[in-house]
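A quick write-up on the structure given underneath.
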Amino acid sequence: MSKTKKPTAQEELERIEDAFLDSLLNASGDELREEITAAGIDPDSCIAEVDATIAAAKAEYARNRLEEARAELAAWRKRDAKANGTALDAARAKLDRIRSGDPELDKKMMLAARKGEGLSDSDMEGLLEDLAALEELERGDEDE
Amino acid sequence: MAEATAIRDAPAREHLRTDEIGPAFDGLSRDDKLKLYAIEATLLRGTGLGKGDLLREAVYRALEGNRKCPRDVPFMAFLVMTMKSIASHARRKSSRTVVAADPPELSCSGETHSASAPSPEDEVIAASVIQGIYGHFEDDEEAVLVLMGWADGLRGKDLREATGLDQGKLDYAIKRIRTRMRKLYPDGWMP
């Protein structure tokens, strides 16, 4: 038969605290108001303090969530820019390969450029982006 | 498939979701807020925390889901447990108790206790605090009986039987304890 271990003084204090907290939790609002007033404290100012504390915690939480979201967005943009850069480089290399494998096309493009009818920088960028998108689509088809 | 969904959704069914926590705070009544004020004040001593810190930390942990509120526990009781847990952890951190291992952080699932044993010095201090509390009620035998019952872990029927008080007298003795303790120990009595 095991003996019941005598609680330490600290455990007894904890138990008194727990029971006291329970009694506060179970007290009626009127009782509590009366007791707080008897201690020289204004119950309404207590309620206002609690409201302010809850609002401050909510605001701090929202601020931290926003900062986290911003950091995640920045990280995603960084990854995305890197991925786009890689795709554009690949498209540029492909265009160079097409031009070098098709002397007629290369010649036409050079002539057009001399006459000022060549592709503008933005035309070239658009063309490269289209090629990159096509590459992506082709890769998608292969995966399926 | 249904089984997998059931397992995935289990925590959401057992605990309030994070999007339910905000409305739960909005639903607190003025009486609830008064209770939170009084309860935080009782827990502050020995934590090294300032007024409002315990409640703010409890609200924050609830919002971020660090502490989860079981659906079968009233939200107020959950908040009190969370504040009590934060206070106990803060006291252990700043106390002189012999700690066998590094105190772990509070887990999401609830209270965690490090393996610690009170030092003889802590015991002497705690015993003297208890004697001090009883001493403040030497003119109120019923209150002392209730406090002794609480120290033994008695509540409800067991407390009524041990003290010999009916429910009405017990409630009145507890009210006297609350009123006097608030004046004597405005921020709690834990060493």
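What follows is calculated from the coordinates using simple rules that are stated; it is not laboratory data. Note that the structure is predicted; figures quoted are calculated from it, not measured. Ideal geometry is used to build each Cβ from the backbone, glycine not excepted, and the neighbour counts take in all protein chains shown.
Of note:
- Rh by Kirkwood over Cα pairs, then Stokes-Einstein D for segment A:38-144 at 1.567 mPa s and 4 °C, µm²/s: 67 µm²/s
- Residue order, fewest to most surrounding Cβ atoms within 10 angstrom, among B:LEU28, A:LEU95: A:LEU95, B:LEU28
- Unit charges at the beta carbon, dipole of the protein assembly as shown: most positive-side option, A:ALA132, B:CYS69, A:LEU95: B:CYS69
- Fully extending the segment from A:THR8 to A:ALA39 would add 8.0 nm, taking 0.36 nm per residue of separation and subtracting the current Cα-Cα distance.
- Annotation: Cα Rg of segment B:12-95 relative to the compact-globule expectation 2.2 N^0.38 Å equals 1.08.
- Under-5 Å amide H pairs with B:HIS15, H placed in peptide plane, nonlocal only: B:ARG71
- Along segment B:138-146 the Karplus relation, 6.51 cos²θ - 1.76 cosθ + 1.60 evaluated at θ = phi - 60°, assigns HN-Hα couplings of 5, 8, 9, 4, 4, 5, 5, 4, 5 Hz to successive residues, with x for each Gly and Pro.
- Ratio of Rg to Rh over segment B:114-172 (Cα coordinates, Kirkwood Rh, two decimals): 1.09
- Likely footprinting exposure, A:SER100, A:SER23, fewest C-beta neighbours within 10 Å first: A:SER100, A:SER23
- Ordering A:LEU25, B:GLY48, A:ASN64 by Cα displacement along the dipole of the protein assembly as shown toward the positive end leaves B:GLY48 in first place; charges were set at the Cβ atoms of Lys, Arg (+1) and Asp, Glu (-1).
- Computed from the alpha carbon positions, the gyration tensor of the protein assembly as shown leads to an equivalent ellipsoid with semi-axes of 68, 22, 19 Å, biggest first.
- Counted by neighbouring Cβ atoms within 10 Å, the residues B:VAL146, B:VAL80 run from fewest to most as B:VAL80, B:VAL146.
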